[in-house]
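Here's the structure we're looking at; comments come further down.
The values are calculated or read from the model by the stated rules, or taken from the named source; none is laboratory data. What you see is a predicted model; the values in this text were computed from it and never measured. Cβ placement follows ideal geometry from the backbone for every residue including glycine, while neighbour counts extend to all protein chains displayed. When the accessible area is computed, the model is the full protein with side chains, heavy atoms only, and any ligands, DNA or RNA have been set aside. Shrake-Rupley method; radii C 1.70, N 1.55, O 1.52, S 1.80 Å.
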Amino acid sequence: MSKKIAILIKAKHVTTMDPSRDFVEENLCIGIDGNKICYLGPANGAPEAKEVIDAGNHWVLPGLVNAHTHLPMTLLRGFSDDVPLKDWLEKHIFPAEGRLVSPEFCRLGSKIAALEAMLSGTTTVCDMYYFEPDIAEVMDQSGMKAFLGQSFIDFPAPDNKKQDGNDYKLLEELIEKYSGHERIHAVVAPHAPYTCSDDTLKKTAAFAKKHNLLYSIHVSETGFEMQQSQEQHGMTPVARLQKLGVFDCQSVFAHCVHVTDDDIKIMAKNPTAAIYNPESNMKLGSGAARIRKMLDEGVQVGLGTDGCASNNDLNMFGEMNTGAKLQKVSLADNAAITAKEMLAMATREGAKALGLNDTGYLAVGMKADIISVDLLHANLQPVHDIPSLIYCIQGHEVQDVWIDGKQTVKDHKCLTLNASEIFEELAAYRKKMDF
């Protein structure tokens, strides 16, 4: 008798995001053993399994990849909304972070973030924030895949108030503890070219290259940033980063709203991905990134929510919906970006942007990062076209989530984090903190 596999999922509608397969396949089975997919095919050839899950009329697809966010900023959701960007950042967000951000703040905010992300279908995140070793503990407990970017910035930060190198110490702690970990990865994350000196950018790039780490940074988010870079450095932020050696390591550039044609050509030639953050860019009035141009020129493009202070949620289905529509309206072309392209950014292309070669689409041998969306919701019916579901899924329809073969959400309930305890912790925390 052959050995039974762990799990067999039977689904009516499956999108593998494997470019060699049809976009939607009907009546497909997915076998999981250990942390990988071991079978993908019809029911009549499926292996026996210890657990068989009938996904019925669900839509099964790869877990979503949020390629740029700030997890603990869930605690600043709705904080100082509708304020001009420069004032919002310099007069509200930075001072609030200086006053509030601590290891406790980061742990609690990350718990809320992980809960929100998984319940809406996200299985992988790329974070940029402070006290990343504390965030790592939460993300490890949650079962999510997490790329955790320790921030570097050229003024006193919550975890480097004396500017004495504590940011590097925290990053080294993260590397040492999670080296070889299958889900938790250290990332070098200088805040932005306009908040980091040439020296900081060169040193962080050299560190990332030496340790073979992903390099994550905000780039050309606003017109002001572009103007300032031209005035102070005589070149665009992208050109400056090229000059300083950032392109020597794999990197993700968040936002990229204000990039030139030459910038796009530079990015296309290098191991660099643009991360599209449409809802944040709209809310902060930053503009619309030229995603169609980037794709046509061969730039790798992923999708991210940014943080909850500028979005105000971590819902990647909502990001796909908004992202497609923003491109259509900004180019006055309703075919500018398709639903299929947005789903690719949120899965396969986002995984590639982070350097993952075993995540992002469903195939035998790939990691079992899988989500199941219940289509029996009034806002999704009737279903005429599966890809078009990104224009109406709101996130709450995600019923089940598996990450590395382990189920983390079942019947809309998180199995790895206790929601009631987290909300009680939040209530107690707010009483003692001055928001």
**Request:** Identify all residues within region 162-190 that are surrounded by fewer than 19 Cβ atoms within 10 Å (Cβ to Cβ) and in contact (Cβ under 8 Å) with a residue 60 or more places away in the chain; write none if there are none.
**Result:** E182
**Request:** Answer yes or no: is there a residue in region 298-318 that is part of a helix (DSSP H, G or I), more than 30 Å from A208 (Cα to Cα) and open to solvent by less than 10 Å² (accessible area, probe 1.4 Å).
**Result:** yes
**Message:** Every residue in region 199-250 that is more than 19 Å from S151 (Cα to Cα) and outside any helix (DSSP H, G or I), please.
**Reply:** T222, G234, M235, T236
**Selection from region 337-393 of residues that are touching a Cys at 6+ places or on another chain (Cβ under 7 Å) and in contact (Cβ under 8 Å) with a residue 60 or more places away in the chain** = L354, V364
**Request:** Identify, by number, the condition in (1) over 30 Å from P190 (Cβ atoms); (2) open to solvent by 20 Å² or more (accessible area, probe 1.4 Å); (3) of a type outside the set (S, T, Y); (4) at pLDDT 95 or above that W59 doesn't meet.
**Result:** (2)
**Asked** Counting only residues that are closer than 28 Å to L89 by Cβ and among the hydroxyl-bearing types (S, T, Y), which one in region 170-219 is farthest from the chain's Cα centre (by Cα)?
**Response** S197
**Residue that is surrounded by fewer than 24 Cβ atoms within 10 Å (Cβ to Cβ), at positive phi, out of contact with any Phe, Trp or Tyr (no Cβ under 6 Å at 6 or more places or on another chain) and not aromatic (F, W, Y), where the choices are G98, G121, G143** = G143
**Request:** Answer yes if at least one residue in region 365-378 is under 15 Å from M144 (Cβ atoms), under 18 Å from the mean Cα position of the chain (by Cα) and assigned to a loop (DSSP other than H, G, I, E, B), and no otherwise.
**Result:** yes
**Members of region 6-44 that are surrounded by fewer than 16 Cβ atoms within 10 Å (Cβ to Cβ), closer than 19 Å to G365 by Cβ and in contact (Cβ under 8 Å) with a residue 12 or more places away in the chain** = P19, G34, G41, P42
**Request:** Can you confirm whether region 336-355 contains a residue that is out of contact with any Asp or Glu (no Cβ under 7 Å at 6 or more places or on another chain), in a loop (DSSP other than H, G, I, E, B) and among the acidic types (D, E)?
**Result:** no
**Asked** Got a sec? Which of I264, I291 is open to solvent by less than 10 Å² (accessible area, probe 1.4 Å) and more than 21 Å from the chain's Cα centre (by Cα)?
**Response** I264
**Request:** For region 391-398, indicate whether the set of residues that are farther than 17 Å from N315 by Cβ, open to solvent by 10 Å² or more (accessible area, probe 1.4 Å) and out of contact with any His (no Cβ under 7 Å at 6 or more places or on another chain) is non-empty.
**Result:** no
**Fill in**
The condition of being hydrophobic (A, V, I, L, M, F, W, C), under 16 Å from G405 (Cα atoms) and open to solvent by less than 20 Å² (accessible area, probe 1.4 Å) holds, among L380, L375, L362, L354, only for L362
**Item:** Single residue of region 191-220 satisfying the filter (of a type outside the set (A, V, I, L, M, F, W, C) and under 26 Å from E137 (Cβ atoms)) that is most open to solvent (accessible area, probe 1.4 Å)
**Value:** K210
